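The values are calculated or read from the model by the stated rules, or taken from the named source; none is laboratory data. All of these numbers come straight from a predicted model, not from anything done at the bench. When we count neighbours, we look across all protein chains shown, and the Cβ atoms used for this are built from the backbone with ideal geometry, even at glycine.
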Amino acid sequence: MAYARSACVAKVTLRVVGMTQSTAGDFFQRWRHREGIEFLQIEWKKQRILVHYDALLISLTDIVSGLQKANMSLNRGIFYRWRLHLAKQVEQNIRDNINHIPHCCGKAPRPIQGKK
């Protein structure tokens, strides 16, 4: 499933705590066909979830709340909290860049004064 709007796709790797094979399977079944999810891979032995998602259709906060509903939580180490914060900033930048209206790129260049 490839999106035409590849500029909107955010990629994140989440480290989780409390993932078992059954909770990982339940989460995968619920989220793999959700609109906006391009790629979902769960590595339950490594306690890791890889997600590629359309930042205009779904947010990282929705994914994290889905993890909590599946009785899993994120690793709360300082490095993983920093990575989650960085992923949220990247998601916000994607949304801002899509909505940005260029102010100069479509204009013709002005002639240089004084040169012939």
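Apart from one condition, Ser65 fits all of (1) in a loop (DSSP other than H, G, I, E, B); (2) within 22 Å of Arg95 (Cα to Cα); the exception is (1). Tell me, yes or no, whether the range 45-52 has at least one residue that is surrounded by fewer than 13 Cβ atoms within 10 Å (Cβ to Cβ) and either part of a loop (DSSP other than H, G, I, E, B) or touching a residue at least 60 places away in the same chain (Cβ under 8 Å) (or both). Taking every residue of the range 45-52 in turn, at least one turns out to be surrounded by fewer than 13 Cβ atoms within 10 Å (Cβ to Cβ) and either part of a loop (DSSP other than H, G, I, E, B) or touching a residue at least 60 places away in the same chain (Cβ under 8 Å) (or both).
Scanning the range 64-75 for residues that are under 13 Å from Leu14 (Cα atoms) and touching a residue at least 12 places away in the same chain (Cβ under 8 Å) returns Val64, Gly66, Leu67, Met72, Ser73, Leu74, Asn75. Every listed requirement among (1) in contact with a strand residue (DSSP E or B) (Cβ under 6 Å, 6 or more places away or on another chain); (2) surrounded by 17 or more Cβ atoms within 10 Å (Cβ to Cβ) is met by Arg32 save one, (2). Here the condition is being assigned to a helix (DSSP H, G or I), β-branched (Val, Ile, Thr) and at pLDDT below 90; of Ile112, Ile98, it holds for Ile98 alone.
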